[in-house]
């Protein structure tokens with residue numbers, strides 16, 4: 001890996017973003033597989049999630065969270081460039097709801113490093129759960 005590539009990867013990690021390539025690298029390292037094998041595994045997992053959502057199924061990963069679809073109704077929008085009214089069709093959007101264990105693990109880890117800022121909405125949701 002060239003120095004410029006290393007700096008680019010280091011910058012994205014510092015920005016708090018894990019790319020798919022970095023996830024593949026991590027899987028390969030932890031499970032001691034080739035990058036090609038790890039990439040195949042990651043792609044299978046992602047494809048399985050997409051296929052399940054397309055077929056209307058909910059995906060529940062205990063201790064991690066769940067993926068499901070939410071429906072958005074059709075509406076009248078506005079083209080920001082022209083101001084012209086535009087009909088936006090109804091559509092389904094994927095939604096991820098983190099599990100209780102994932103929330104606890106994140107908050108425990110973040111608490112050890114000085115805590116995080118939470119929005120009033122997040123605090124309200126946490127209080128209601």
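A few remarks follow.
- The length gained by stretching the chain between residue 86 and residue 104 to full extension, at 0.36 nm per residue less their Cα-Cα distance, is 2.2 nm.
- Cα-only Debye scattering, region 58-116: base-10 log of I(q)/I(0) at q = 0.18, 0.21, 0.22, 0.24 Å⁻¹: -0.73, -0.81, -0.84, -0.92
- Given their separation in residues at 0.36 nm each and the Cα-Cα distance between them, residue 48 and residue 71 gain 6.2 nm when the chain is fully extended.
- When each of 106, 59 is scored by the number of other beta-carbon atoms lying within 10 Å, the sequence from fewest to most is 106, 59.
- In terms of other Cβ atoms within 10 Å, 30, 50, 24, 42 run from fewest to most in the order 30, 50, 42, 24.
Every read-out reported here was derived from the displayed coordinates using simple, explicitly stated rules and does not represent laboratory data. The model shown is predicted, which means the values in this text are computed figures rather than measured ones. Because the Cβ atoms are built from the backbone with ideal geometry, glycine has one as well, and the counts that use them run over all protein chains shown.
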